[in-house]
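**Q** Take this structure first; my questions come after.
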Amino acid sequence: MDTFERWLLAGNRWVLIVLLAVMALIIFANVGLRYLTNESIEWAEEVARHLMIWLTFLGAGPVLRYGGHIAVDNLQDSLPSGLAVALRWGISLLLLGFLLLWSGTAGFTCSAPSSRPRQRPRSPLPGCMRPCRSAACC
């Protein structure tokens with residue numbers, strides 16, 4: 001398992017390096033063309049934006065692994081090591097529960113009433129707590 005994890009992290013690192021290099025190359029080419037020819041690559045901004053999104057999502061795991069995310073850790077630093085570990089586990093479980101709850105209800109949207117009945121997935125959240133785009137849901 002340790003070998004697989006090392007290979008996965010190395011692969012993830014190389015994917016991040018390639019994505020960053022491609023994004024930098026596209027932006028550099030677009031700026032250069034705009035400066036030299038007064039024309040730009042039409043798709044450069046959108047591709048760079050999506051590469052940045054992929055960089056963010058794929059890079060979040062390794063940064064979390066090495067503890068590089070911004071954190072306010074005054075409380076856990078002031079606690080004894082056993083309580084600090086318990087606090088981190090509790091926060092992790094809380095985040096996991098929120099993620100599971102949110103992912104189960106993220107597909108709910110409001111729509112105008114229709115004459116045809118349709119099947120909808122059941123939500124564990126009561127009426128107005130469901131994500132929707134208009135006040136008509138509530």
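**Q** Could you figure out which of (1) loosely packed, with under 10 Cβ neighbours inside 10 Å; (2) over 24 Å from Ser92 (Cβ atoms); (3) hydroxyl-bearing (Ser, Thr, Tyr) isn't true of Ser40?
**A** Among (1) loosely packed, with under 10 Cβ neighbours inside 10 Å; (2) over 24 Å from Ser92 (Cβ atoms); (3) hydroxyl-bearing (Ser, Thr, Tyr), Ser40 violates only (1).
**Q** Just checking: which of the helices (runs of 4 or more DSSP H) contained wholly in region 20-138 hold 2 or more residues that are modelled with pLDDT under 80?
**A** Qualifying helices (runs of 4 or more DSSP H): 81-105.
**Q** Please verify whether Ile27 is under 30 Å from Arg88 (Cα atoms) and open to solvent by 50 Å² or more (accessible area, probe 1.4 Å), treating the condition exactly as stated.
**A** No; evaluated as a whole, the condition is false for this residue.
**Q** Determine if region 42-51 includes at least one residue that is within 30 Å of Arg65 (Cβ to Cβ), out of contact with any Pro (no Cβ under 9 Å at 6 or more places or on another chain), free of Cβ contacts under 8 Å to residues at least 60 places away in the same chain and among the acidic types (Asp, Glu).
**A** No, because not a single residue in region 42-51 is within 30 Å of Arg65 (Cβ to Cβ), out of contact with any Pro (no Cβ under 9 Å at 6 or more places or on another chain), free of Cβ contacts under 8 Å to residues at least 60 places away in the same chain and among the acidic types (Asp, Glu).
The values are calculated or read from the model by the stated rules, or taken from the named source; none is laboratory data. Predicted model only: the values in this text are computed from it and were never measured. So basically every Cβ, Gly included, is an ideal-geometry build from the backbone, and we count neighbours across all protein chains shown. All accessible areas refer to the heavy atoms of the entire protein, side chains included, with ligands and DNA or RNA removed. Shrake-Rupley method; radii C 1.70, N 1.55, O 1.52, S 1.80 Å.
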